[in-house]
Amino acid sequence: MKEKKNKRKIGQILLDQGLITPEQIKTARILQKTNKKKLGKILIELDYLTEALLIDAISSQFSFPVVDWENVSVSPKLISLVPREVAEKRLVFPLELKEQSLLLAMADPLDLGTIDYITFRNGLNVNVAVSTEDDIRDAIETHYGSSSLLDNVLADIPDYDVEFVEESSADDLKEDSAESLIKLSAAAPVVKLVTTILVDAVKSRASDVHIEPEKKRVRVRYRIDGKLRGVLNYPKNIHAAVVSRIKIISHLDISKRMRPQDGRSALRLDDRDVDLRISTIPSVRGEKVVIRLLDQSTGLVSIDKLGMPHRTFERVIKLIGNPQGMILVSGPTGSGKSTTLYSMLQQLHAETENIVTVEDPVEYQLSGITQIQVNEVQGLTFATALRSILRQDPDIIMLGEIRDRETAEIALRAAVTGHLVLSTIHTNDTVSTITRLMDIGIPHYLINAALVGVLAQRLVRRICPHCSTEIDAAQQLLDTHYPPLEASFRGVGCEKCQHSGYSGRMGVYELLEINSNFRESVAKFTTEDKLWDVARENGTTPLFDYAWDKVNDGMTTVDEVIAKIHYKSFAKAAKKRKGSLLSLHKEAEKVGPQT
């Protein structure tokens, strides 16, 4: 392969060969900006071309051979050159080793990053052959065999000491198909498979388990540090029994497979209590199951262990010490808002305080606090529950989420009548939270009277300390509008981080305290840009600025920050700033362990 050839874009190659039109490539590139998939994959999903045509186009353009799978013969030594995790993640397969050259089947032969990684790992020259994604997956399944986790499940190993709490029964089901599913789901291999998946997910620090039926197999993935990772595949013919086992332990109806169902269960493992929230949904290839894992031993974090900068931590403690007013925590789903709210409640909990929460769902049970589960079917919404709470003499109220004007208005009025109200809202940053409240119809005077502070946050992945390496920061940001960096790092991938380059997550915070200057700007219906100017003058450091400092410190990557935090929101204000972003003061005080 010549580097000059590799620089050609796949879209231009397909255009030159007349396989797609300029309008089609334009549509695909628009979609690519949001879903970050390979351009060829998007074109196939849009039915603009077939995978076979794409493979032939790449093969003819770069003179890559197309893999003849019927004549492929591999040895264990050859398989060991590419770990299964890498093969599945990057869709590659080792075909042949001659002297110091490895022939590698690739679904995307222009992926130079993967080629460089395997070259560096083995010290071999890599030659490329091209193949379809499905053929590579089939080869991985055939030649690597079952994943180690599935091997352990089906082998004669000791059972885990796991107790499922309040396991349901289906004795009242009368249909023959349901009875047969019950028998299958109670078979030892199926019970062991489900138990092992759940136990392994807990030990892997997974927040969710996805069980997804495909054409020939069922894929199991864990969400770890916010990203999904494939862990095993199991045969399609036992999927119905696996789903039935999960339904039985979560009080769901196993006879109804064509409608979505939601349930819950819990397990005890090594003195750890883990709540399970189960959701099933029918698909064209069978029922998909998603299980949310809520580990009661790790989910509750004291506020001093969230990893806030010392100055931010002190200001948050001061805010929650107010006898009344509203504090909002903003950010997208999965940014740690609920964890922050629970940490605030733990800090505020006292014998002299009546604390009531309204949640959907109640994620972690707190002693000494009244927690209410929303049930919209029964008419118990956030708004109706909040009205009732106000007649229960509360001191502190926590609402799981501000979803609409009615809930927002009741909560804000509660905050001005002697109650401390904590809640979350889905906004990008602190200042946009104010404009969002105005947009849904909350009068500015009520915002000014009730709101005392807004905390915006994100969770970004930490670089794995075992494989972190410094890269050229200037080259990485070449031809971009992002601020300069003194240093930049990334994880190259190792066994410790399962070849992801990341290990754990850290919080990034932005705090806005509502003072008299800011209230005056809100009262004047000032634009969001001007509100940001006032917020900065009052000491608010934008999320992006804080996160960018963490990149410079070698704690996270440029890619991770760009993916989680929109810089464009601050680009205009950044131009007004005096000096470089790197001259911002560092939060040098000690910070507690990250969640």
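A few points about this structure:
- Residue count, segment 196-230 (criterion: assigned to a strand (DSSP E or B), open to solvent by 40 Å² or more (accessible area, probe 1.4 Å) and in contact (Cβ under 8 Å) with a residue 24 or more places away in the chain): 3
- Candidates in segment 146-166 are the residues that are of a type in the set (Asp, Glu) and part of a loop (DSSP other than H, G, I, E, B); of these, the one that is modelled with the lowest pLDDT is Asp156.
- Selection count where residues are modelled with pLDDT of 90 or more and out of contact with any Ser or Thr (no Cβ under 9 Å at 6 or more places or on another chain), scope segment 524-536: 1
- Restricting segment 174-192 to residues that are part of a loop (DSSP other than H, G, I, E, B) and within 24 Å of Asn233 (Cβ to Cβ), the residue that is modelled with the lowest pLDDT is Ala186.
Yes/no per residue for (1) at pLDDT 85 or above; (2) within 30 Å of Leu43 (Cβ to Cβ):
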| position | (1), (2) |
| --- | --- |
| Pro109 | yes, yes |
| Val128 | yes, yes |
| Ser168 | no, no |
| Asp172 | no, no |
| Val194 | yes, no |
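- Some residue of segment 232-255 being open to solvent by 20 Å² or more (accessible area, probe 1.4 Å), among the small types (Gly, Ala, Ser), out of contact with any Cys (no Cβ under 9 Å at 6 or more places or on another chain) and in a strand (DSSP E or B): no
- Members of segment 256-285 found to be small (Gly, Ala, Ser) and crowded, with 16+ Cβ neighbours inside 10 Å, listed by number: Gly263, Ser265, Ala266, Ser279
- The listed residue being closer than 21 Å to Thr357 by Cα, part of a helix (DSSP H, G or I) and of a type in the set (Asp, Glu), out of Glu406, Glu401: Glu406
- Any hit, segment 29-38, residues being within 35 Å of the chain's Cα centre (by Cα) and modelled with pLDDT of 80 or more: no
- Residues located in segment 1-28, provided they are closer than 14 Å to Leu110 by Cα, at pLDDT 80 or above and open to solvent by 60 Å² or more (accessible area, probe 1.4 Å): Gln12
- Residue in segment 441-457 that is closer than 17 Å to Thr556 by Cα, surrounded by 14 or more Cβ atoms within 10 Å (Cβ to Cβ) and modelled with pLDDT of 95 or more present: yes
- Condition broken by Lys288, with the remaining ones in (1) at pLDDT below 90; (2) assigned to a strand (DSSP E or B); (3) open to solvent by 50 Å² or more (accessible area, probe 1.4 Å) satisfied: (1)
- Restricting attention to segment 65-107, the residues being touching a residue at least 60 places away in the same chain (Cβ under 8 Å), farther than 18 Å from Leu124 by Cβ and open to solvent by less than 40 Å² (accessible area, probe 1.4 Å) number 3.
- Unmet criterion (only one of (1) without any contact (Cβ under 8 Å) to a residue 60 or more places away in the chain; (2) in contact with a Lys or Arg (Cβ under 8 Å, 6 or more places away or on another chain)) for Pro260: (2)
- The residues of segment 364-400 that are among the small types (Gly, Ala, Ser) and touching a helix residue (DSSP H, G or I) at 6+ places or on another chain (Cβ under 9 Å), listed by number, are Ala383, Gly400.
- Residues that are in a helix (DSSP H, G or I), open to solvent by 60 Å² or more (accessible area, probe 1.4 Å) and farther than 12 Å from Leu81 by Cβ within segment 108-145 comprise Leu112, Asp116, Phe120, Asp134, Asp135, Arg137, Thr142, His143, listed in sequence order.
- Among the criteria (1) within 14 Å of Asp549 (Cβ to Cβ); (2) at pLDDT below 85, the one Leu478 does not fulfil is (1).
- Of the strands (runs of 3 or more DSSP E) lying entirely inside segment 294-383, those containing at least 2 residues that are modelled with pLDDT of 95 or more and crowded, with 19+ Cβ neighbours inside 10 Å are 325-330, 355-359.
The values are calculated or read from the model by the stated rules, or taken from the named source; none is laboratory data. Quick caveat, the model's predicted, so the values are computed rather than measured. Here the Cβ is made from the backbone with ideal geometry for all residues, glycine too, and neighbour counts use every protein chain on show. Each accessible area value is taken on the protein alone, full model and side chains, heavy atoms only, with ligands, DNA and RNA left out. Shrake-Rupley method; radii C 1.70, N 1.55, O 1.52, S 1.80 Å.
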